[in-house]
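These notes concern the structure reproduced below.
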Amino acid sequence: MEISVAEDVRAPETQVPGALDRLQAAASADPAAFWAERAEAIDWSRRWDSVLDARRSPFNRWFAGAELNTCFNALDRHVRAGHGSRTALIHDSAYAGVQTRVSYAALLAQTARFAGVLRALGVGRGDRVVIYMPMVIEAVVAMLACARLGAVHSVVFGGFAAPELASRIDDCTPKAVVTASCGIEPNRVVEYKPLLDAALDRATHKVPAVVVLQRAQCAAALQAGRDHDWLASMAAATPADCVPVAATDPLYILYTSGTTGQPKGIVRDNGGHAVALLWSVKAVYDIDPGDVFWAASDIGWQVGHSYITYGPLLAGATALLYEGKPVGTPDAGAFWRVLAEHRVKVLLTAPTAIRAIRREDPDGQLLRGKHFPHFKGLFLAGERSDADTLRWAETHLRVPVVDHWWQTETGWPIAANPLGIERLPVKHGSPSRAVPGWDIHALAADGSEVPTGETGLLAVRLPLPPGAATTIWNGDERFDRAYFRDLPGWYKTGDAGCLDADGYVYVMSRVDDVINVAGHRLSTGAIEEVLAAHPDVAECAVIGVADELKGQAPLGFLVLKRGVTRSRELIAAEVVAAVRDRIGPVAAFRQALVVERLPKTRSGKILRGTMARIADGLEVAVPATIDDPAILDEIRAATRG
Ligand code: COA
Ligand code: AMP
């Protein structure tokens, strides 16, 4: 593939007072001109016919007519520009005690070879590949290899159980699955292959090929004819070159939780994604080529896609892949070891990780004597950052601590204190201001703006910037209905909140049935489906209750069928086990309470919000629409203690 190597032309727009206002105004006034300028930093094999084709809004197409290859932009062009010896990826496994550094040249060689493996298995442009892997270098290689071929990857988080994996396989019908023999969790090795085999048995779609990375901690049994050993396949493969794809072609599908049990496959394109991600790495995080960017997340989540794999590599920076926890691997000093040893410039994680560290080391003893001369910022996302956590991090780390807000759907931050543009005064409780490209407003249900300072539905004026979801896989109608139909001309974020007079955004809570458990997004509806399937359960409800460590924890309520005499404790234990089997350990569903009835409105809607307030010990005004206020006393009694 012949592609011209563009200059590094990222705009010198940093640290000038008022820079954010100017960029925000430019992005709002003429989105196409704004993003066309930023698109010059990407190498295209064919330029676009139109920067923004909004004829089928909200199904906008950025850089329509253009062609590029995302893997080329992430790897090849840096090597061609003479940076092949720069470290692209650092793998630090706190479990295995292993650290590996991979240069851009070496990562390119591995990726091209693995693309050859996939190609030999029949994977080509537009085909889907499911990646079900732990935090190992090969997971990143597999993602980039798909991008290289123009194939569409769908990474599934390892903490999901076989039925969840099966439903994703059936939805995206992959030509191949890439997996590893195991992942490592504190105190246990999680065997991935039996989980995958169970999912493949369960799925209707028959996957013709599986590639298995055998890890030292456990060997997986391979099924002849279908399963291929990673190492042997690599040895036999011929490296594959980049396949140019349309800017509007899908790069990946990432499933996230919606309001029902059916997962939503968020689709991201190639062109808009590359432009937005590359720009955000400098603008939001102030990362330059060669800097070490550590997103302490998992490649199975959005943060992992954007800022472990694609963002840092598009920017020519060094990405850090950490296999471990903030605590217990071996202690609450693990993050500080990694920061120091790998000269990390920016750490991005969830507030829950900092809460876990603080709980074990409240006075920051494990930070004593540690110096991080390279460390310039801690970014927190995934849930609301509480003031105590922010203050603790500011006091002990002595770097800017940036709460920033984004979603799987948006792909990159909507609101942040953008350190690469202009460092704003911090207001605890707010992820600061809209990032250029995102025009955020708080709206009433009828689409009118609510007054400054008042809570409304947080919405973004269309068009969404490049890099945002382009649709739901197999679900254009669902995409339109879920995000755009209620508020024409806007993207409905699903979060409630407000803006203050300085334009700072406050994100208060979800307006739907999504909860955030340890920074992981879960659907209470999905958990309810599992509970409702229990033969003794007549009715159920799941709510998110406040949890000191994880932010929220799911809590189930069960109403048993008339005549059921089995022990309530036994039934509760059975539904807890069923959630672990059906959804996975990541749901962290540990408690279900049996009650006589659920509080409902006269029209039959379960009052989950009221139940959650009661469980959190908050004041509750008895809803005017409730059919029987006495039921609230039972909920109060059941949740006490
Ligand atoms: N494969 C298999 N199982 C996994 C897994 C994986 N990749 N990731 C998590 N699990 C399991 C865990 O072993 C645990 O199982 P258990 O019930 O047997 O203990 C369960 O899923 C819940 O895991 P987790 O949410 O990680 O909770 P934890 O109690 O082990 O750790 C924290 C708590 C706060 C330390 C941890 O949640 C954390 O580091 N969170 C940061 C979250 C994050 O990075 N979010 C991404 C957004 S930035
Ligand atoms: P996910 O799609 O998993 O990234 O989850 C997105 C959801 O997490 C958002 O809709 C919010 O509810 C929540 N969230 C993410 N970042 C923040 C933040 N900085 N403050 C408050 N909530 C957040």
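Summary of the geometry: region 42-119 and region 235-256, compared by the centres of their Cα atoms, lie 9 Å apart.
Given region 518-640, what percent of its DSSP beta bridges are antiparallel, to the nearest 5? Just about 80 percent of them are antiparallel. Would you kindly calculate the translational diffusion coefficient of the chain, applying Stokes-Einstein with the Kirkwood radius from alpha carbon pairs, for 10 °C and a viscosity of 1.306 mPa s, and quote it in µm² s⁻¹ without decimals? Rounded, D is 63 µm²/s. For region 19-67, the dipole from Cβ point charges (+1 on Lys and Arg, -1 on Asp and Glu) about the Cα centre works out to 200 debye, to the nearest 20.
DSSP finds beta bridges in the chain, and of those with both partners inside it, around 60 percent are antiparallel.
For the chain, a simple Cβ point-charge model (Lys and Arg +1, Asp and Glu -1, everything else neutral) yields a dipole of about 800 debye relative to the Cα centre.
Hey, got a sec? Which GluC sites (Glu not before Pro) in region 556-602 land in a DSSP loop and have at most 14 other Cβ atoms within 10 Å? Walk me through the numbers before you get to the answer.
Numbers: sites: 569, 574, 596; in loops: 596.
Here the GluC sites (Glu not before Pro) that fit, given the DSSP loop and packing criteria, are 596.
With N denoting the number of residues in region 518-640, provide Rg(C-alpha) divided by 2.2 N^0.38 Å, to two decimal places. Present the calculation step by step, with values, prior to reporting the outcome.
Values: Rg = 14.0 Å, N = 123, 2.2 N^0.38 = 13.7 Å.
Compactness ratio reported: 1.02.
Helical content of the chain, expressed as a calculated mean residue ellipticity at 222 nm, amounts to -8000 deg cm²/dmol (DSSP H runs of 4 or more residues, -39,500 (n - 2.57) each, divided by residue number, nearest 500).
Taking a straight line from the alpha carbon of residue 206, these aspartates and glutamates sit under 20 Å away, with near neighbours fewer than eight places off in the same chain left out: 127, 164, 170, 171, 197, 227, 229.
Each residue was assigned an accessible area with a 1.4 Å probe, and for residue 371 the value is about 140 Å². Figure note: 57, 603, 297, 154 ranked by solvent-accessible area, largest first, 1.4 Å probe, ligands and nucleic acids not counted: 603, 57, 297, 154.
Placing unit charges on each Cβ (+1 for Lys and Arg, -1 for Asp and Glu) gives the chain a dipole about its Cα centre, and among 236, 253, 444 the Cα reaching farthest toward its positive end belongs to 236. When the listed pairs 175/325; 345/370; 561/600; 282/376 are checked against a 22 Å cut-off, the alpha-carbon distance exceeds it for 175/325. Against the criterion of solvent-accessible heavy-atom surface with a 1.4 angstrom probe, 383, 323, 394 sort, most first, into 394, 383, 323.
Simple rule: put +1 on each Lys or Arg Cβ and -1 on each Asp or Glu Cβ in region 518-640, find the dipole, and look at 559, 621, 523; the Cα lying farthest toward the positive end is 523.
Note on residue 508: accessible area approximately 90 square angstrom, rounded to 10, probe 1.4 Å, nucleic acids and ligands left out. Of the residues 374, 205, the one with the largest accessible area comes first in the ranking 374, 205, computed with a 1.4 Å probe on protein heavy atoms.
Kindly provide log₁₀ I(q)/I(0) values, in the same order as q = 0.12, 0.15, 0.20, 0.23 Å⁻¹, from the Debye equation applied to equal alpha-carbon scatterers of region 82-189. Log-scaled intensity ratios, in q order: -0.46, -0.70, -1.08, -1.24. For region 354-381 versus region 584-641, the inter-centroid distance based on Cα atoms is 37 Å.
About its Cα centre, how strong a charge dipole does region 518-640 have in debye, to the nearest 20, once Lys and Arg get +1 and Asp and Glu get -1 at the Cβ? Please list the in-between numbers first.
Numbers: 17 positive and 16 negative charges, 33 e Å.
Here the size comes out at about 160 debye.
Each of 82, 153, 196 was scored by the projection of its Cα onto the charge dipole of the chain, and the greatest displacement toward the positive side belongs to 196; charges sit on the C-beta of Lys, Arg, Asp and Glu.
Taking Cβ separations below 4.7 Å as the criterion for a possible disulfide partner, the isolated cysteines in the chain are 71, 146, 172, 242, 498, 540.
The values are calculated or read from the model by the stated rules, or taken from the named source; none is laboratory data. Keep in mind that what you see is a predicted model, and the values were worked out from it rather than measured. With ideal geometry, Cβ positions are generated from the backbone for all residues, glycine too; neighbour counts draw on all protein chains shown. These accessible areas exclude ligands, DNA and RNA; they are computed on the full protein's heavy atoms, side chains included. Shrake-Rupley method; radii C 1.70, N 1.55, O 1.52, S 1.80 Å.
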